[in-house]
Amino acid sequence: MDTTRLSVLRALCSLGNPTTRTDITTHAEISRQAVSNHLAVLRDRGFVRNHETVIKFTAGGLLLLDVIETCLQTIPLQELAFLTRSDHPLNILQELKDESYRLTDLHAVVGDPPSQPTIRRVLGDLIEFGWTEDQGGKQKITTAGQDALNEYRKLSLAVQQLIEKAPWLQRLPPEDATFPIHALVGAKLIVSNPANPGSVLSTVFNLYDRDTSRFRGLCSIYHPVLFSAYRTAYELLNFSIDSEIIFDWPTFVKIANTNDTHYILDSLDLSDYDIYALDYAHTLGIGIYDDRRVAIGAYNESGNGNHVAMIISSNEKLVDWGIGLYDSYREQSIHATKIDLKR
């Protein structure tokens, strides 16, 4: 763990979102060049983004700082930095987790073995940290060492997921990133791009199947073709799906004022069909298929094209998070029959 980079992350958090490079430099007491270098790495990983002259944390960046701070409750900063400088300390702790070894035997079992002097030097540090101890010439991991190993594994898994899901996390509103990071393992990521702009929306449509008896969704994109496809599926399934959809304000207004999509509101007399609207614009999409699967999409606030990134998961914790997220927007929304479009 680069301690200077952590200082940049902490400065971003303390200063608020967004902030400037100059403010970070002053707050963290780091040179402007060092701040620029660290911000470049964080931006490449999807943890921060630039908007003209300001720097903003992404949802991934906020989650990254949170998991690091959690890890530091078990592993002090200098010890954490020690673990990240080389694979040797982690490999040695891993081998000692299940069995005690003499120095010569440890050299034989450690993967990609370093020299015996290197192992001896690493063991000296591990003993100083209280993570290993010498018992009759054999090295043994301590309870503190086991705790450090477990916590570091959690951190590594979290960082891996944050990097892997970065295209989605850098678009997701940071205030909505309230899920446990480990729940992202196994979630499917779909990202649209100029060569395949409809990949996310086509995937969304394919999630709507005969196994679905209840659908709840938040839509922030006006897409007549997708709306028509959903209508066709709804009719083919004999109107057996209990559907409730929230539109953000610009999407709702366009639906209401466009002849080709006004049918969405004309169907409000159906008993198992409801439409609501938020009174503001959003960049988020939610699809909840019964209580078994969730799809969460978000699109760019800026840049060339509003390309979408989405995750799909049946993980219970992510489904619960998605349902809670949907419910929070549902509480803010207004039923379509109570909306005056002339306001």
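All of the numbers you see were taken from the coordinates with simple rules; none came from a lab. Keep in mind it's a predicted model, so treat the numbers as computed, not measured. In this analysis, Cβ positions are derived from the backbone assuming ideal geometry, glycine residues included, and neighbour counts consider all displayed protein chains.
Which of the following values of Rg and Dmax of the Cα atoms in Å was calculated from the structure shown: [x] 24.3, 78; [y] 21.8, 74; [z] 25.4, 84? Structure-derived value, by its label: [z]. The stretch 10-29 to the stretch 128-178: how many Å between their Cα centroids? When both Cα centres are located, 26 Å separates them.
Residue separation of Asp134 and Trp249 scaled by 0.36 nm, minus their Cα-Cα distance, works out to 34.7 nm of gained length. Helix content alone sets the calculated 222 nm mean residue ellipticity of the chain: runs of n ≥ 4 DSSP H residues at -39500 (n - 2.57) each, divided across all residues, give -14500 deg cm²/dmol. Rounded to the nearest 10 degrees, the angle from helix 116-129 to the longest Cα principal axis of the chain is 70 degrees.
Return one number: the angle in degrees, 0 to 90 and rounded to the nearest 10, between the long axis of the Cα atoms of helix 224-236 and the longest principal axis of the Cα atoms of the chain. Rounded to the nearest ten degrees, it is 80.
Less than 5 angstrom separates the built amide H of Gly285 from those of Gly297, Ala298, all sequence-distant by 5 or more or on a different chain.
3J(HN,Hα) along the stretch 149-162: 4, 5, 5, 5, 4, 4, 4, 4, 5, 5, 4, 4, 5, 5 Hz, from the Karplus curve 6.51 cos²θ - 1.76 cosθ + 1.60 with θ = phi - 60°, whole Hz, x for Gly and Pro.
In this structure the amide hydrogen of Tyr273, modeled in the peptide plane, comes within under 5 Å of the amide hydrogens of Ser243, none closer than 5 places in sequence on its chain. In order along the stretch 68-80, the phi-based Karplus estimate (6.51 cos²θ - 1.76 cosθ + 1.60, θ = phi - 60°) of 3J(HN,Hα) comes to 5, 4, 5, 4, 5, 5, 9, 10, x, 4, 5, 5, 5 Hz; Gly and Pro are listed as x.
Net charge of the neighbourhood of Leu6, taken over other residues with C-beta under 13 Å away and scored Lys/Arg +1, Asp/Glu -1, is -1. Computed from label points 7 Å out along Cα-Cβ, the spacing between Asp327 and Asp98 is 4.3 nm. Packing, taken as the mean count of other beta carbons within 10 Å per residue, orders the peptides 264-274, 10-20 from highest to lowest as 10-20, 264-274. Relative to the dominant Cα principal axis of the chain, helix 316-332 is inclined by about 50°. For the peptides 289-298, 57-66, the ranking by packing is 57-66, 289-298, with the highest mean count of neighbouring Cβ atoms within 10 Å listed first. Sequentially through the stretch 20-30, phi angles give Karplus couplings (6.51, -1.76, 1.60; θ = phi - 60°) of 10, 4, 5, 5, 5, 4, 5, 5, 7, 6, 10 Hz, Gly and Pro residues having no value and appearing as x. Peptides 162-175, 324-337, ordered by how many other C-beta atoms sit within 10 Å of their residues on average, highest first, read 162-175, 324-337.
Using a cutoff of 8 angstrom between alpha carbon atoms and counting only pairs six or more residues apart, the relative contact order for the chain works out to 14 percent. On the basis of the beta-carbon distance and an R0 of 35 Å, Val41 and Lys317 show a calculated FRET efficiency of 0.75. Highest mobility in the GNM of the chain, judged by mean-square fluctuation with C-alpha springs under 10 Å and restricted to Ala148, Ala108, Ala34, is found for Ala108.
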